[in-house]
1. Scaled to the compact-protein estimate 2.2 N^0.38 Å, what is the alpha-carbon radius of gyration of the stretch A:84-186, rounded to two decimal places?
2. Express the relative contact order of the stretch B:12-67 as a whole percentage, based on alpha carbon pairs under 8 Å and six or more residues apart in sequence.
3. What GluC sites (Glu not before Pro) does the stretch A:1-71 have in DSSP loop regions with at most 14 other beta carbons within 10 Å?
4. Which of A:Thr56, A:Thr173, A:Thr88 moves the most in a Gaussian network model of chain A with Cα springs under 10 Å?
5. Give me the dipole magnitude in Debye, nearest 20, for the stretch B:5-45 about the Cα centre, with unit charges on the beta carbon: positive for Lys and Arg, negative for Asp and Glu.
6. Label-point separation (nm) for B:Arg31 and A:Arg24, each offset 7 Å from Cα along Cα-to-Cβ?
7. Against the longest principal axis of chain B, how steep is helix B:89-101, in degrees 0 to 90 to the nearest 10, with axes from Cα atoms?
8. How large is the dipole of the stretch B:28-176 about the Cα centre if only Lys and Arg carry +1 and Asp and Glu carry -1, each at its Cβ, rounded to the nearest 20 debye?
Protein chains: 2
Amino acid sequence: MSEKERIVWECIRTETGPDLRLFRVRFDWVRNPRNAHTVKATVLEAPDWVNVVALTRETKIVVVQQYRFGTRAATTEIPAGIVEVGETSKAAAVRELREETGYGSDEWEYLGYVEPNPAFLDNRCHHWLVRNAEQVSRPEPDAGENLLVGEMGLDELRREIEEGRLRHSLALTALAYVFDLRPLLK
Amino acid sequence: MSEKERIVWECIRTETGPDLRLFRVRFDWVRNPRNAHTVKATVLEAPDWVNVVALTRETKIVVVQQYRFGTRAATTEIPAGIVEVGETSKAAAVRELREETGYGSDEWEYLGYVEPNPAFLDNRCHHWLVRNAEQVSRPEPDAGENLLVGEMGLDELRREIEEGRLRHSLALTALAYVFDLRPLLK
């Protein structure tokens with residue numbers, strides 16, 4: 001067994017837990033290869049997520065402001081949502097941008113994906129860039145959404161980050177493709 | 001009411017859900033100020049988290065490799081953990097670095113915090129930098145941990161990101177303080 005192989009844990013039992021709407025809970029009993037100790041691991045089975053860095057012709061970024069139920073505060077973020085069953089991440093990106101903001105464009109580029117939290121989430125967050133985005137329709141928020149849509153120049157977006165209104169880790173990893181975050185995150 | 005005030009939702013009922021070990025579930029019934037529609041929101045009440053960019057005298061970064069139960073895969077990450085009740089985020093950073101890797105130093109700098117996911121998590125992830133870190137003791141993993149500890153130069157760490165072995169969003173937001181991620185994340 002190589003050193004790398006010795007870090008893989010065997011799953012010795014798995015059990016479905018409660019459905020929490022955003023994710024289904026699963027419990028895995030996994031055995032530590034180091035000491036045979038068994039751990040009951042909580043896993044949240046979630047659909048993949050997608051978010052979009054939408055650049056306008058004037059190099060502004062499309063942002064959404066909304067009240068977030070986790071932190072009970074209004075945040076500044078980029079358009080984002082869930083990849084529906086049977087949908088590609090690009091189709092989800094196009095749809096979420098259109099529904100949340102009314103913006104569209106044909107110039108899409110895949111930036112890659114991150115793992116939101118591999119410790120307990122099984123999903124990916126796909127980052128998409130779209131260039132020359134423009135408003136092509138009215139936003140169509142569902143009944144459970146309430147969004148303010150706007151455009152911000154890079155300096156304005158930097159201030160949102162510096163002043164703490166944009167702290168969503170997945171918005172930041174997407175924006176990290178577009179500009180250097182180092183001077184901003186203090 | 002200002003435009004900003006109109007996006008805040010009123011919580012009209014709250015209920016405790018199952019204890020999932022990593023977090024306690026809470027359900028909030030919140031009213032959409034746009035249309036008075038009520039949403040049952042799932043909130044995960046979690047302790048704050050902390051992670052550490054530990055730089056050695058030779059400008060290498062201390063990394064940990066472990067099997068992650070969410071993605072069922074081995075990952076490369078930076079040392080990280082939970083802020084215990086009554087603990088400061090700095091004390092948690094010092095403790096987690098010591099327990100997971102055996103490294104220590106006195107030269108700590110707070111980098112700031114991000115919100116792991118304000119949509120359904122109520123917590124923060126605090127990022128700490130420590131300079132001139134060196135191995136001062138043996139790692140003391142608890143029974144439910146199994147970690148490979150190593151040091152990587154910046155070029156080696158860039159390859160871990162480029163080749164997809166380091167995708168944890170919170171490790172990336174911490175590392176975004178230290179070097180420009182733009183060329184790496186494709």
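FYI, it's all coordinate maths here, none of it is from the lab. Everything numeric here is computed off the predicted structure, so don't read it as measured data. Counting neighbours? That spans all protein chains shown, and the Cβs are built from the backbone with ideal geometry, glycine included.
1. 1.15
2. Values: 71 pairs, mean separation 12.9, N = 56.
Across the stretch B:12-67, relative contact order equals 23 percent.
3. A:Glu3, A:Glu58
4. With Cα springs under 10 Å in chain A, the top fluctuation among A:Thr56, A:Thr173, A:Thr88 is at A:Thr88.
5. Numbers: 8 positive and 6 negative charges, 23 e Å.
In debye, rounded to 20, the stretch B:5-45 gives about 120.
6. 3.5
7. The angle comes out near 50 degrees.
8. The dipole of the stretch B:28-176 has a size of about 580 debye.
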